[in-house]
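These notes concern the structure reproduced below.
All of the numbers you see were taken from the coordinates with simple rules; none came from a lab. Predicted model only: the values in this text are computed from it and were never measured. Positions of Cβ are backbone-derived with ideal geometry, glycine not excepted, and every protein chain shown enters the neighbour counts.
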Amino acid sequence: MVLNPNLYPKLTELLLPALCALSPSSENCYLAYPPSTSGGSSGDLLIFDAINLQAVNILQAHKSALSHIVFSFDGSLVATASDKGTVIRVFAVPSGQKLFQFRRGTYNANIYSISFDLSNKYICVSSDTDTVHIFKLENEAERRDREKREAKRKSLQIAAAAAASSSVAGSSNSGQTGGGIDFLSNSPAGSPALASSSLDSAKKMLGGFVGTGLAAVRSPLASATSAVSSFLPNTITELWEPQRDFAFAKLPQESKGFQNMCSIIGGPGPSSSTTITNSGRNAAFSSDYGGGGGGGGDDDDGMVESQSGGPLQLVVVSACGFFYTYSIDGEVGGECVQQKEFSLLDD
């Protein structure tokens, strides 16, 4: 069989991986996919109205080719990633307005999964690295309010540490029988214990002051960056503008090198529940949408239940056959704590 050489370019295009996303919402039902690259950029995104059967917008999502597209559950947002995998962008649907821009990392990576939570407050991203990143969808005012609450929380911690230190010093002075207390001596009055307590309190106070100072410095720097960026080209400002992750989770060693999928469950959102029952290393999953909850049998050892208003959790399933759950601190963020690990391959 002899093929026409003129068909080779078209065959090559047909062999390229297809990429598209369909909104799960029946009201905001849109289809998103990269349009033909002829006459346009490889990073363009076309938004198609699947109800009225017409294209409603074409936007430049990235400068390089798209590698991942995903809609939010209500169809009001769409997130994209390029084949570089360094920046995640979130756009409004169908207007195409860029709402958020997040930096996953400095080095290129293959994006495996992007997922919104039900309330459109968080988005999680997994890749061929061993880190799952969680970004918070908050505007500038909400971010400033969160930073103020965090600063207030640290101030209360400093005040509590100072009060504890004063209490220890007062109790030691009241029990003193002449002369000053030598906190470094091994006197029978228990000075070493007092010294240890005082040192711990001092460390906590110092750590709190350092943390508050860093937050105070970070805020003006962020404001200055936003002010300067308005006068510079996009190619320059995009190097520092994207926000870093709000929280992250480290995957176990056995899952490295395997593809994975991630999702955020719990927190505010539409009524839903997911029940995971663990007996030893076996996992049985059941879902009941509509608020009923799934039955997990009599043995609920290792059960993780997430529903509307429940604890915020990150779930990751890996191609190596493991299912992981992590707790997310929705106020502070930081590193997520692994709670459960299930094997999907055991009988």
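When Lys and Arg each count +1 and Asp and Glu each count -1, what net charge do the other residues less than 15 Å away from LEU251, Cβ to Cβ, add up to?
Details: positive: ARG104, LYS250, LYS256, LYS340; negative: ASP128, ASP130, ASP245, GLU254, GLU335, GLU341.
After counting each charged neighbour, the total is -2.
Full extension of the segment from ASP346 to SER26, taken as 0.36 nm per residue of separation minus the current Cα-Cα distance, would add 111.5 nm.
Taking a ≥ b ≥ c as the square roots of the eigenvalues of the Cα gyration tensor, an a/c ratio of 1.5 or more together with a/b no larger than b/c marks the stretch 34-85 as oblate. Pairs from the table (LYS63/LYS98; LYS98/LYS136; LYS121/LYS154; LYS136/LYS256; LYS98/LYS152; LYS136/LYS250) lying more than 21 angstrom apart at Cα are LYS121/LYS154; LYS136/LYS256; LYS98/LYS152.
Taking label points 7 Å from Cα along the Cα-to-Cβ direction, ALA55 and VAL332 give a separation of 5.0 nm.
Note on ALA141 and GLU254: their simple-model spin labels are 4.9 nm apart, each label 7 Å out from Cα toward Cβ.
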